Amino acid sequence: MRSLVSHLRPIAARFTPGRAVVVAVLSGPIVGALLAFGTVAAEETKEANVVTIDNFTFTPPEFTVAVGTTVKWINHDDIPHNVINKDKAFRSKALDTDDSYSFTFASAGTYDYFCGLHPHMQGKIVVK
Ligand SMILES: [Cu+2]
């Protein structure tokens, strides 16, 4: 009997309730984080060619895409902005909150643009 108890003790130690709780508590956030990562990755793939406008800033400020790519600008500010190419290749109307503007880049080149309402807001699309 004594030998049986001493044999079981290491197994019991491995499955202490405390440890099981720790594993359960830790695996919850890890699984959640993995699911969140998968969702974010899918979202980024779907919206890969998006320039966001937030807090008077184009993000990313410089964006390189392939010829034929459609780039979409989305205004997340609660005031209007627009998107104007310095060489007049494209020009959006004023975009209200959550409005978007898309332009397809058929030719390679560097397209500097700015917001006509706030000219200090500037960005660049490089098409290769
Ligand atoms: Cu603006």
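The values are calculated or read from the model by the stated rules, or taken from the named source; none is laboratory data. All values derive from a computational prediction rather than experimental measurement. Virtual Cβ from ideal backbone geometry, glycine too; neighbours counted across all protein chains shown.
A few notes on this one:
- Candidate set from the range 105-121 (those that are within 16 Å of the ligand (Cβ to nearest atom) and assigned to a loop (DSSP other than H, G, I, E, B)); member that is surrounded by the fewest Cβ atoms within 10 Å (Cβ to Cβ): His120
- Test: residue in the range 58-68 that is more than 18 Å from the chain's Cα centre (by Cα) and within 11 Å of the ligand (Cβ to nearest atom): no
- Scan of the range 64-86 for residues that are of a type in the set (A, V, I, L, M), part of a loop (DSSP other than H, G, I, E, B) and crowded, with 17+ Cβ neighbours inside 10 Å, ordered by number: Val83
- If you go through the range 78-128 and keep only what is of a type in the set (Asp, Glu) and in contact with a strand residue (DSSP E or B) (Cβ under 6 Å, 6 or more places away or on another chain), you end up with Asp99, Asp112.
Condition check ((1) within 16 Å of the ligand (Cβ to nearest atom); (2) in a helix (DSSP H, G or I); (3) modelled with pLDDT under 95) across all residues:
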{"site": "Leu8", "(1), (2), (3)": "no, yes, yes"}
{"site": "Ile11", "(1), (2), (3)": "no, yes, yes"}
{"site": "Ala24", "(1), (2), (3)": "no, yes, yes"}
{"site": "Gly32", "(1), (2), (3)": "no, yes, yes"}
{"site": "Thr52", "(1), (2), (3)": "yes, no, no"}
{"site": "Asp98", "(1), (2), (3)": "yes, no, no"}
{"site": "Ser102", "(1), (2), (3)": "no, no, no"}
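- Residues (within 12 Å of the ligand (Cβ to nearest atom) and without any contact (Cβ under 8 Å) to a residue 24 or more places away in the chain) located in the range 85-96: Ser92, Ala94, Asp96
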